[in-house]
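Okay, structure first, notes after.
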Amino acid sequence: SAWAAALVDAAVPHRLGGFGLLRAMRTSLAFLGAGLAANVTPTQKVIALLEGMITKAAAEKEEDAKTFDKYTSWCEDTAREKGFSIKDATKAIGQHESTINVESSNAEKLAGEIGELDSQISANEQDLQTATEQRLAEKEEYEALHQEYQESIDATERAIVAIKKMDFAGGASLLQKSSGAAAKVDPDCWTRIMKTFHSVQQLSLVQQAPEAAAYESHTGDIVEMLEGMKDKFEEEDSKATREEANRNHEYELSVQDLSDAIEFDKQTRAEKAGSRAESQQAAAEATGELSIAQDSKKADQQSLADLNAECSRQTSEFQERQKTRAEEIDALEEAVDILKSGKVSGNAAKHLAQLQMRKSKAGTSFAQLRSASKGSPAVPRRLFELLQSRARKIGSEALSLVATQVVAAQSSKEDPMAKVKGLISDLIDKLEQQAAEEAEHHGWCNKELGSNKVTREKKTSKVEQLNAQIDELGANIEKEKKEISELQSQVADIQQSMQVATEQRNTEHKENEATIADAKEAQAAVAKALSVLKEFYDKAASAGGGYNGQQSSSTSVLGFLEVIAGDFARLQAETEAVEEENDRAYKKFMLENGGCGYHKGATVCGLKSEKEELIRKTEKSKKKHEAKKSRTENERDDVQSELNEANEYYDALQPQCVKPNVSVEERVQKREQEIQSLQEALSILEGQ
């Protein structure tokens with residue numbers, strides 16, 4: 001009809017909404033007959049349809065705006081969360097770097113202190129070795145000197161004897177032997193002795209048998225001088241012995257001090273070495289966690305950049321859609337205004353009824369329309385049949401609509417197929433453009449879905465791994481809590497045992513001291529009784545009067561008293577031995593079960609100290625595991641948050657990228673068939 005052709009002419013130049021307008025025109029043509037049958041003019045029906053399209057377009061525009069508002073909120077929320085994650089990662093990086101610096105510095109400081117301790121230990125060990133070597137040399141020197149003094153004393157004694165017997169030859173020989181030690185005592189005195197001795201010897205040789213009195217003064221002087229020298233030798237030997245004892249005592253004290261210092265330094269070194277190893281371990285763990293935090297920050301920064309880019313692209317597409325919908329609404333409203341104007345509605349009311357009557361009388365048919373068209377009459381029919389058959393075959397609304405336009409174009413005063421050619425060309429361009437856009441969108445969807453799948457799988461695996469670590473750390477912490485509780489109970493038992501042992505020891509000591517005092521007191525009393533009885537019976541034995549006391553009985557009594565005194569003495573000795581043994585056992589028990597202390601020049605730690613040290617180590621390990629568990633839980637929460645974001649993004653991709661009813665391949669194939677059919681139709685038109 002003429003009004004239908006006019007509607008097509010008015011609508012096509014606007015290109016409104018692609019298929020939206022074409023579908024609307026198809027619908028208007030479909031309802032044409034129904035409208036006429038209900039005494040509603042076609043113009044009124046089309047106006048109603050266009051107004052319905054305006055309402056629908058406005059609703060879709062509003063719905064799209066609401067959907068985009070949600071998408072914008074999601075973009076903002078996700079970007080904000082990513083920003084928080086990046087901020088947290090930056091903070092964690094700073095903390096890890098600080099930990100690395102502190103622990104590395106501490107390890108380096110401890111290494112220096114360990115080096116100083118090694119030097120000190122080495123120096124003390126060298127001093128100990130030097131002192132030992134010096135002590136051995138001094139002892140050897142003393143023994144040689146002592147031997148020499150002893151020989152000199154012996155030689156001097158024998159020389160005195162020889163001189164007294166006037167054995168000058170023997171005396172000279174003995175004096176000669178003692179000259180080495182004597183020279184050390186008083187060389188001048190020794191020289192005078194030897195000169196005098198030789199003078200006496202020469203005189204004795206000249207006079208052969210002198211009178212003893214003639215030489216008495218000379219030998220007397222020599223003997224006196226030799227005895228003085230013997231005393232001097234003995235004094236010097238005694239002095240050397242005392243000095244040797246003093247030096248040996250000083251050596252033992254020095255050895256004790258050096259040994260204690262070496263032992264203390266070694267123990268301190270072991271503690272510092274343990275602390276250094278812990279610092280190195282902490283630095284290594286912080287280094288690993290730093291790498292993880294840096295990777296996480298880098299991934300979040302990249303994800304944020306991708307998110308901003310995608311949200312920006314979606315914003316541009318939304319703005320383009322809103323602009324198109326606004327233009328569509330403007331065009332539809334303009335079309336409604338045109339149709340409502342007197343030029344259309346007025347003329348329609350005035351002329352269309354008569355036109356319909358004429359068409360009814362003329363029995364207008366598709367064949368008549370085809371015969372009235374310009375050009376070859378077979379072309380519209382072939383074109384119509386081609387488009388309709390292809391539309392039914394592939395279920396294409398676009399081809400069916402174009403076929404309808406072929407019929408509508410027959411009433412045009414101008415070339416009826418020219419507009420159909422333009423419509424087909426525009427539709428081909430539109431389909432090709434949609435194909436390119438869909439291919440690009442499909443590629444983007446594949447990329448985003450693939451990247452999102454990798455992220456979700458990676459984060460899921462990481463969450464599971466961290467949960468396993470958290471469970472393992474929790475089990476370790478509970479185990480260590482149980483161990484600490486058991487150790488504390490053991491320490492309490494040890495303390496209770498030590499307290500009981502101390503109380504028992506104090507009681508035993510008090511009882512033993514009382515027993516020893518009683519034994520001593522009894523022995524004194526028995527001794528006094530024995531003294532009194534012995535004194536009496538000794539005196540009575542020589543008494544006159546015919547009674548000397550009970551001498552026979554006294555012997556037994558005295559014997560019994562001596563036995564009693566012996567029993568008390570044995571009681572004292574045995575009690576003192578028991579006291580000494582119990583005291584030694586008590587000290588050993590306290591040493592083995594108590595804290596650390598020096599014993600015989602070495603540091604000894606008891607069972608209580610060992611348990612307490614084990615408690616400290618276990619508590620330190622528990623705190624370390626608790627700190628690591630807390631860090632792991634924080635990391636798990638961060639990764640879980642990232643996984644939630646990835647799942648939310650996957651849900652956001654579903655409406656855009658996952659079509660449940662039609663696959664991408666089916667849509668592409670259908671569009672290619674539509675383009676091919678339209679190109680064939682265009683070839684038919686161009687070849688008419």
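Nothing in this text is a laboratory measurement; each read-out follows from the coordinates by a stated rule. Keep in mind it's a predicted model, so treat the numbers as computed, not measured. Don't worry about glycine lacking a Cβ; one is built from the backbone with ideal geometry, like all the others, and counts go over all protein chains shown.
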Among Q281, Q301, T324, the residue whose Cα sits farthest towards the positive end of the charge dipole of segment 255-333 (+1 at Cβ of Lys and Arg, -1 at Cβ of Asp and Glu, taken about the Cα centre) is Q281
Too long at a 29 Å Cα-Cα cut-off: which of K459/K670; K61/K82; K70/K340; K297/K620; K482/K628? K459/K670; K61/K82; K70/K340; K297/K620
At 0.36 nm per residue, and after removing the present C-alpha to C-alpha distance, how many nm does the segment from E665 to K139 gain when stretched out fully? 178.6 nm
3J(HN,Hα) from dihedral phi, segment 573-589, Karplus parametrisation 6.51/-1.76/1.60, rounded to Hz, x for glycine, proline: 5, 5, 5, 5, 5, 4, 4, 5, 5, 5, 5, 5, 5, 5, 5, 5, 4
At q = 0.23, 0.27 Å⁻¹, what log₁₀ I(q)/I(0) does a Debye calculation on the Cα points of segment 88-158 give, no solvent, two decimals? -0.96, -1.05
By a straight-distance test (C-alpha under 12 Å), which aspartates and glutamates pair with K520 as possible cross-link partners, with residues fewer than eight away in the same chain excluded? D567, E576
Built amide H within the under 5 Å cut-off of C596, gap 5+: G606
Expressed in nm to one decimal, what extension gain is obtained for the pair E613 and V223 from 0.36 nm per residue of sequence separation less their Cα-Cα distance? 132.9 nm
Kindly write out, for segment 107-115 in residue order, the coupling ³J(HN,Hα) from the Karplus curve 6.51 cos²θ - 1.76 cosθ + 1.60 (θ = phi - 60°), rounded to whole Hz, with x marking Gly and Pro. 5, 5, 4, 5, 4, x, 5, 5, x
Which order, highest average first, do 225-234, 482-491, 530-539, 643-652 follow once you tally other Cβ atoms within 10 Å for each residue and take the mean per peptide? 225-234, 643-652, 482-491, 530-539
Which order do peptides 128-134, 76-82 fall in by mean Cβ count within 10 Å, highest first? 76-82, 128-134
Per the 1/(1 + (r/R0)^6) rule, R0 = 25 Å and r from the Cβ atoms of A111 and S621, FRET efficiency to 0.05 is 0.60
Where labels lie 7 Å past Cα in the beta-carbon direction, separation of N101 and T502 in nm: 4.9
Taking a 26 Å limit on the Cα-Cα distance, which of the listed pairs K393/K447; K458/K481; K458/K629; K109/K479; K87/K447 fall beyond it? K393/K447; K458/K481; K109/K479; K87/K447
Largest-first principal axis extents of the Cα set of segment 465-523 (Å): 84, 9, 6
Report the full-extension gain for the segment A326 to K421: residue separation times 0.36 nm, less the Cα-Cα distance, to one decimal in nm. 31.4 nm
Whole-Hz ³J(HN,Hα) for each residue in segment 445-456, computed from phi via Karplus 6.51 cos²θ - 1.76 cosθ + 1.60 with θ = phi - 60°, x for glycine and proline: what do you get? 4, 4, 5, 5, 5, x, 5, 5, 5, 4, 4, 5
Projected label distance in nm at K165 and H442, using a 7 Å step from Cα toward the beta-carbon: 14.1
If the reach is capped at under 14 angstrom between alpha carbons, list the aspartates and glutamates near K608, excluding any in the same chain fewer than eight residues apart. E486, D493, E592
